[in-house]
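The values are calculated or read from the model by the stated rules, or taken from the named source; none is laboratory data. Note that the structure is predicted; figures quoted are calculated from it, not measured. Because the Cβ atoms are built from the backbone with ideal geometry, glycine has one as well, and the counts that use them run over all protein chains shown. These accessible areas exclude ligands, DNA and RNA; they are computed on the full protein's heavy atoms, side chains included. Shrake-Rupley method; radii C 1.70, N 1.55, O 1.52, S 1.80 Å.
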Amino acid sequence: MKITTKTVTYNDRLFAILTKCFAELLESSHEDDRRWNKIAGGIHKHGLLSFTVAVPRADRHVDVDTTRLNSDSRYRKHMAQQLKKPAGPDFRHQEMPLERTRLSEPDYLNKMAGILAYRWMQKIGVDRAAGADRITLLHLNASVLAECLDRMYMYESTARGVSHRIMHRFAEEIIDNDPEVQRIFGELNTKMDEIEAKMKRDVDSALARIAADTNAKFDALKQKYQRPTPQV
């Protein structure tokens, strides 16, 4: 990917926003068990502190004494066993610890918030995001980020998914704060209550008619089969 001044400027700006959001979440939650479990659980779920590192190979190198291979059968057998040993994986996964007790230290807090911000940008694929989603991401705040960490599955944590969360929060705020929207919803709720009440009356009336008809038929049958048997 070609790095341009515009791309770097955008990434730096988003990185600063995310660093501030993560710092706010970590600082506000490290003394609250319930909140901490949610934030730390979300960080772990999305793998933000999981890294893949190369396994050193120098200590696994086998030196072979070629002068002994033809003359020493025990040595050949020993070397054959050494060479047959599985080499093991080339990489391993490591989890960087998030030390809750150190989050009151400003330097440590900012360091971890920066790491989490960088990893979140990688996770959601900022550099591959559509233009509209990139613009929306600049409006991310700590509250929406906490919601993303807690409620999103791993496959949902993309630039598009986070952007939709932000837009959804905007819509909720508009509904909550706009008097005209509230008036329309109030009228709609009133109409729905009237419709619900009418439906309940109609259903109750229909059930009463059914019950009366059923009782009448049952009484008729009961009278029919309870007539006294004629005396012989």
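Quick check on this structure: which one of Met167, Met154 is farther than 18 Å from Leu49 by Cβ and either of a type outside the set (Val, Ile, Thr) or surrounded by 17 or more Cβ atoms within 10 Å (Cβ to Cβ) (or both)?
Of the residues listed, the single one that is farther than 18 Å from Leu49 by Cβ and either of a type outside the set (Val, Ile, Thr) or surrounded by 17 or more Cβ atoms within 10 Å (Cβ to Cβ) (or both) is Met167.
Looking at region 71-99, I want the residues that are under 30 Å from Leu109 (Cα atoms) and have a partner that is loosely packed, with under 10 Cβ neighbours inside 10 Å and at pLDDT below 75 with Cβ atoms under 9 Å, at least 6 apart or on another chain. Which pairs are those?
Phe91/Val53; Phe91/Ala54; Arg92/Val53; Arg92/Ala54; His93/Val53; Gln94/Val53
Can you tell me which of Ala130, Ala117, Ala142, Ala146 is of a type in the set (A, V, I, L, M) and open to solvent by 30 Å² or more (accessible area, probe 1.4 Å)?
Checking each option against the conditions leaves just Ala130.
Ala130: over 24 Å from Glu24 (Cβ atoms), among the aliphatic types (A, V, I, L, M) and touching a residue at least 12 places away in the same chain (Cβ under 8 Å), yes or no?
Criteria met by Ala130.
Just to be sure before I move on: is Asp133 on the phi < 0 side of the Ramachandran plot, at pLDDT 85 or above and either under 22 Å from the mean Cα position of the chain (by Cα) or part of a loop (DSSP other than H, G, I, E, B) (or both) in the structure I sent?
In short, yes.
So, in region 42-70, how many residues would count as being open to solvent by 100 Å² or more (accessible area, probe 1.4 Å), of a type in the set (Asp, Glu) and at pLDDT 70 or above?
Qualifying residue count, region 42-70: 1.
Condition test on Tyr108, is it among the aromatic types (Phe, Trp, Tyr), part of a helix (DSSP H, G or I) and farther than 17 Å from Gly47 by Cα?
So Tyr108 passes the test.
So which residues in region 188-210 are open to solvent by 100 Å² or more (accessible area, probe 1.4 Å) and modelled with pLDDT under 80, if there are any at all?
Within region 188-210, just Lys191 meets the criteria.
Which numbered condition trips up Phe185, out of (1) at pLDDT below 80; (2) within 19 Å of Ile17 (Cβ to Cβ); (3) aromatic (Phe, Trp, Tyr)?
(2)
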